[in-house]
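In what follows, a single structure is set out as C-alpha cells and then discussed.
What follows draws every value from the coordinates through simple rules; no lab data is involved. These numbers come from a predicted model, not from an experiment. All Cβ positions, even for glycine, are placed from backbone atoms using ideal geometry, and neighbour counts span all protein chains on display.
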Amino acid sequence: MQPQDALVLQNLEHDYDRLRAVDGVSLSVKAGEVVCLVGPSGCGKSTVLRLAAGLETLQSGRVSMRGDVVGDPAARVRVPPERRHVGLVFQDFALFPHLTVGSNVAFGLTQLSPAERDQRVRDVLRQVEMDGYIDAYPHALSGGQQQRVALARALAPEPSVLLLDEPFSGLDERLREQVRDDTLRLLRRNGTAALLVTHDPEEALFMADRIYLMRAGKIVQSGPPQELYYKPADLFAASFFSRVNELRGVVRDGHVECPLGRLCAPGHAEGARVVVSFRPEAVALSHARGDEADGLIVEVQDTHFLGTGWVVHVPVRDAEGRDVKLSVRLNGRPPRAGDRVVLRVPPDAIVMFPET
Amino acid sequence: MSLTSQPQAATSVRFGARHWSWPSRWTIAACALALLIAAPVISVLINAFGARSDIWEHLVETVLGDYVVNSFLIMSGVTIGVLIVGVPAAWMTTLCRFPGRRLFDWALLLPMAFPAYVIAYAYTGLLDYAGPVQTSLREMIGDPDGLRWLPDIRSLPGAILMLVLVLYPYVYLLARAAFLEQSVCVLEVSRTLGCSPWSSFRRVALPLARPAIVAGVALALMEALNDYGTVSYFGINTLATGIFRVWRGMGDPVAASQIAVILLLFVFALLAIERWSRGRASYAHSTARYRPLPRFELRGWAAFGAIVGCALPVVLGFALPAAMLLHWALSSPEYWENAQFLRVLRNSFVISAIAAVLTLSVAVVLAYALRLHSTRATRIAARIASAGYAVPGAVLAIGVLLPLAALDHALADWIKAQFGWSIGLVFTGTLVAVAYAYLTRFLTISFSAVEASLGKITLSMDLAARSLGRSPSKTLGLVHLPIMRGTLLTAAILVFVDVLKELPATLVLRPFNFDTLATRTYDLASDERLVEAAGPALAIGLVGILPVYLLSRAIRAARPGAQKDQ
C-alpha cells in the first residue's frame with residue numbers, strides 16, 4: 001500500500017444470506033485519481049462502494065484510507081461511516097428537502113466556525129455555479145442543479161475520497177453529458193480522489209483515469225480506458241465496452257482458419273476452440289474490383305444510418321459452415337445493399353479468446 | 001481528522017464463517033421497549049396461570065357462561081351491523097353519483113368523534129320514559145300511560161346498536177380505500193359487459209374488497225370487546241365488565257386475570273384475522289391507474305335510497321346524540337361553567353399530551369431501530385409493540401396495576417427500611433401507571449404512522465448524512481424528524497384524542513381524585529346525572545372531531561383522480 005493512496009480495498013468478500021455479492025475484490029484509488037468501477041447491474045459494484053463507505057458491515061477483507069485501516073473484521077476495526085471522511089453522491093442526489101441549498105452544503109462542515117463555514121459554502125457553491133441559489137430549497141431546482149448541489153455538499157468537507165454511485169443516471173441524456181464534463185473538471189481542479197460506480201461503459205471511458213471492470217462479484221480486468229478497450233482480457237470485457245464481431249474456429253498448427261484468413265494463434269493450445277473478435281469500427285470496406293490479393297470479398301446485406309455514421313451488415317460463412325452477420329461501422333458514404341465489397345481487418349485490431 | 005485503527009464501539013468478531021457482533025444500542029432499546037409493551041399481557045398470563053383462585057370454579061358454574069355468551073352476541077351483532085352500514089355506504093360514496101355524495105364522503109366519519117358510552121348516555125336520555133321521544137309520542141297518541149311495550153335501549157340489542165353506530169367507520173374507511181384502489185379497468189370492463197350497478201357491486205367490487213372489509217370488521221370487533229362504558233351502563237355482563245366485577249367487587253385478581261385471558265383469546269383471534277386479511281388485501285389489486293372512477297349515476301328512488309342510507313348513520317351516530325348533549329349542556333350551563341370542569345378539562349389535556357409525546361417518542365425509537373437494523377430481533381420487537389391496540393383496556397388495567405402495585409410496595413418498604421422515609425406509591429399513585437397503559441394501547445397508531453413516514457424517506461438521505469459526519473442519532477434529529485414533522489403532529493393528535501376518550505384503563509389506573517373528561521362523564525352518568533354529564537361528554541366529542549377532520553383531509557389527498565370528479 002502506498003501512503004498516497006486515497007482508498008485501498010484488499011480482498012473484500014461479502015455475502016448476502018448465502019449469495020456471494022463480492023468475491024475477492026481489491027482495488028486502489030490514488031490521490032487525485034478518478035477511478036471507475038464498471039459492470040453490468042447486479043455485479044456487486046454498488047456493494048463494493050457501500051463497503052468502502054462503511055455503510056455495509058465488512059465481512060472479510062480490509063479497507064484503508066490515506067494509509068489508515070478503517071475496516072478490517074479480522075483486526076476488529078470498524079470505523080463508522082461518519083468518521084471515514086468520505087463524500088457520497090447518489091443517483092437520487094438525496095438532498096435534504098427541509099434545508100436550503102446553503103444549509104445542505106453546510107451540513108457536513110461541523111468542524112468550522114460559523115464564519116469559515118459560510119465562506120466555504122459560498123466557495124464550493126461558486127465552483128459548481130450554484131451560488132445564486134444559496135437560499136433556494138431543493139424542490140425548486142432542476143435535476144442538473146440538484147446534482148451540482150449534491151456534488152458541492154459532498155466536496156465541501158474536503159473528503160479523502162469521493163464515492164459516486166451512478167451519479168448521472170437520474171439525469172436525462174442531453175443534460176448528462178454536460179454534467180459529466182462539469183463534474184470531471186471540478187474533480188480535476190480540486191485534485192479530489194474519486195471512485196465512481198456506473199453501469200454505463202461510455203461513462204466509464206469518458207470519466208476514468210483507470211477502470212475496474214466487474215462481473216459476478218469479481219474484478220475481471222483493470223487498467224486505463226484504452227487498455228480495457230483495445231486489450232480486453234476476455235470476451236466479456238471486449239463486448240462490455242462496445243459490440244464486437246465474433247468468429248469461431250479451432251487452432252490447428254498454431255493457426256486458426258476463419259473467413260478473415262489463416263490467423264496466427266499464439267498462446268492457444270492445439271485443438272482449442274477460440275473466438276476471433278474485432279470491433280465494428282476496425283473494419284475497412286472497399287469496392288471489389290476482382291483482382292484483390294488479400295481481404296474477404298463479401299456482399300452487403302443492408303445499411304443503416306446512425307447520424308454519426310453508418311452501420312453495414314455483411315453475412316459471411318465461417319470455417320465451420322455457419323452463417324455469421326458481421327457489423328461494420330463507417331463514417332463516410334457506405335456501399336449499397338447488394339454491392340460486392342472487400343473486407344479487411346488490421347491484424348492488431350484482432351483479439352483472440354478461448355471459447356467459453 | 002485522523003483515522004487511526006482504534007477499536008470502535010461496535011466491534012465485529014469472526015466465529016468461523018459466520019459473523020457475530022454486539023447488538024447496537026438501537027436494537028437493545030427496541031427490544032427493551034417491546035418487552036415493556038408486552039409486560040402487561042405477560043403479567044396477566046402469570047397471574048392467571050401462576051396461582052389458584054378460590055372462586056374460579058364458582059364463576060365457571062355461575063356467571064362466566066353469561067360473560068362469554070354476551071361478549072359473543074355483541075361481536076356477532078356488531079359484525080352484522082357494521083357490515084350493513086359500512087359497506088354500502090363506502091360503495092355508494094366511491095362508485096356512485098348522487099346528490100350529497102361529496103358531503104357524505106367525510107360526514108360518514110363523524111360518528112368516530114364520540115365513544116360508544118357517550119352516545120349511550122345521550123340515547124338513554126333521549127329515549128327513556130321522561131325523554132323527548134317518548135313524551136312527544138305519548139302526546140301524539142294521547143295516552144299518558146301508553147307505550148309501555150316500547151323496547152328499552154338499555155339492553156343487549158341497544159348496546160349493539162350503540163357500538164355499531166360509532167364503530168362502522170372502521171369498515172367504511174377500509175372498504176372505501178379498497179374500492180378506490182380497485183383497478184379502473186376491472187370496473188370499466190364490468191360495465192361494458194353489461195353489469196348493472198348492483199351486479200357490478202356484488203360480482204366485482206365486493207369480492208375484490210373482501211380482505212379489507214374483513215380487516216375493518218376485525219378492528220371494529222376489537223373496539224367492541226374493549227368497550228366497558230356502554231355495557232356496564234346498560235347493565236350487561238361481558239368479559240370486560242366481568243374482569244372489573246371479579247377483581248374489584250369480589251377482590252380476586254387471579255380469577256379476574258383468568259377472565260382476561262379468555263378475553264385475550266378472542267382478541268388474538270381477531271388480530272390474526274386482521275393481519276391475515278391485510279396481507280391478502282395487498283394482492284387484491286394489481287394495477288394502480290389513478291383515473292376518475294367511472295361512477296354509476298343514481299336517480300330517483302335509487303338516489304333517495306342512497307341519501308337515506310348515508311344520512312341515517314351520520315344522524316344517528318353523530319347529529320342526534322350531539323344535539324341531545326348540546327341541549328342538556330346549554331339548558332344547564334351551571335354544570336360546566338365552573339372551576340371543577342376546567343380542572344377536569346386540564347387533567348384530560350395534560351395526561352393526553354403526556355401520553356401523545358411519550359407514545360410518539362417510543363414509536364420513533366422503534367421505527368428508527370428497525371430502519372437502522374432490520375434484524376429478526378428488531379422486526380419481532382416492532383411486531384410485538386404494534387399489537388398493543390388489540391389489548392382491551394380492562395385487561396391492560398389489571399395487567400399494569402398488579403405488577404406496578406407490587407413494585408410500589410416493594411420499593412416503599414425498601415426505602416422505609418433503608419432510610420426511614422415514606423415515599424408513597426411512586427407508580428400507582430401517580431400518572432406513571434396510566435401513562436404506561438396508554439403507551440401500550442396507543443403505540444400502534446403512532447408507530448404505524450412513523451414507520452410509514454420513515455419509509456418514504458430514501459435510504460440515501462441517511463447515507464448522505466452519515467458520510468457528512470453525523471452519527472445515526474444526529475441524523476435522526478437533523479434529517480428524519482424535521483422531514484417527518486407533519487406526520488408526527490398528526491400521529492400525536494390521533495393518540496391525544498384516543499387517550500382522551502379511553503375509559504376502562506383510566507378508571508382504574510388514574511391517581512386518586514384525578515378526574516378526566518372520560519371518567520367524569522362515566523361517574524356522572526352512572527349516578528344517572530345525565531344532564532351534568534353532558535358538558536364533559538360534549539367536550540370529548542368536540543376534541544374527537546379533530547381526527548375526523550384529519551382523516552377526511554388525508555382521504556381527499558389520497559387519490560388525485562378522485563378530485564377531478566364532478
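Observations on the structure shown:
- Chain A: relative contact order in percent, alpha carbon pairs under 8 Å with at least 6 residues between: 16 percent
- The protein assembly as shown - Debye-derived log10 I(q)/I(0), Cα point model, q = 0.04 Å⁻¹: -0.30
- Pairwise label distance in nanometres, A:R18 with B:A339, each label 7 Å out on the Cα-Cβ vector: 7.5 nm
- Peptide-level mean, for A:187-193, of C-beta atoms on other protein chains within 10 Å: 0
- Take B:235-241, B:71-77, A:213-219 and order them by the average number of nearby Cβ atoms within 10 Å per residue, most first; the result is B:235-241, A:213-219, B:71-77.
- Most mobile listed residue (A:D200, A:D253, A:D23) in chain A, GNM with C-alpha springs under 10 Å: A:D253
- Footprinting exposure proxy for B:C310, B:C31 (fewest neighbouring C-beta atoms within 10 Å first): B:C31, B:C310
- Going from the residue with the fewest nearby Cβ atoms within 10 Å to the one with the most, A:H304, B:H373 rank A:H304, B:H373.
- Total charge dipole magnitude, chain B, about the Cα centre, Cβ charges on Lys, Arg, Asp, Glu only, Debye to nearest 20: 3020 debye
- Overall, segment A:80-227 carries a charge dipole of about 400 debye about its Cα centre when +1 sits on the Cβ of Lys and Arg and -1 on the Cβ of Asp and Glu, all other atoms neutral.
- FRET efficiency for the pair A:D323 and A:K30, taken as 1/(1 + (r/R0)^6) with r the Cβ-Cβ distance and R0 = 51 Å, rounds to 0.60.
- With the alpha-carbon atoms of chain B aligned to their principal axes, the span from lowest to highest coordinate is 94, 71, 49 Å, starting with the largest.
- Modelled FRET efficiency - R0 56 Å, A:L175 with B:M250, Cβ distances, 0.05 increments: 0.10
- Spin-label model, A:Q226/A:A349: points 7 Å from Cα along the beta carbon direction are separated by 1.7 nm.
- Separation of the B:T375 and A:R333 label points, Cα + 7 Å toward Cβ, nm: 7.3 nm
- Net length available on complete extension from B:L459 to B:Y549 is 29.2 nm, with 0.36 nm assigned per residue and the Cα-Cα distance removed.
- Residues B:T375, B:T521, A:T183 arranged by fewest to most Cβ contacts within 10 Å: B:T375, A:T183, B:T521
- Contour minus Cα-Cα distance for B:Y129 and B:F419 (0.36 nm per residue): 98.2 nm
- Estimated FRET transfer efficiency when R0 is 56 angstrom, pair B:V63-A:R83 (beta carbons, to 0.05): 0.30
- Pairwise centroid distance, computed over Cα atoms, of segment A:266-303 with segment A:1-80, Å: 43 Å
- Cα lying deepest toward the dipole's positive end in segment A:31-170, options A:F168, A:P157, A:Q147, charges on Cβ: A:P157
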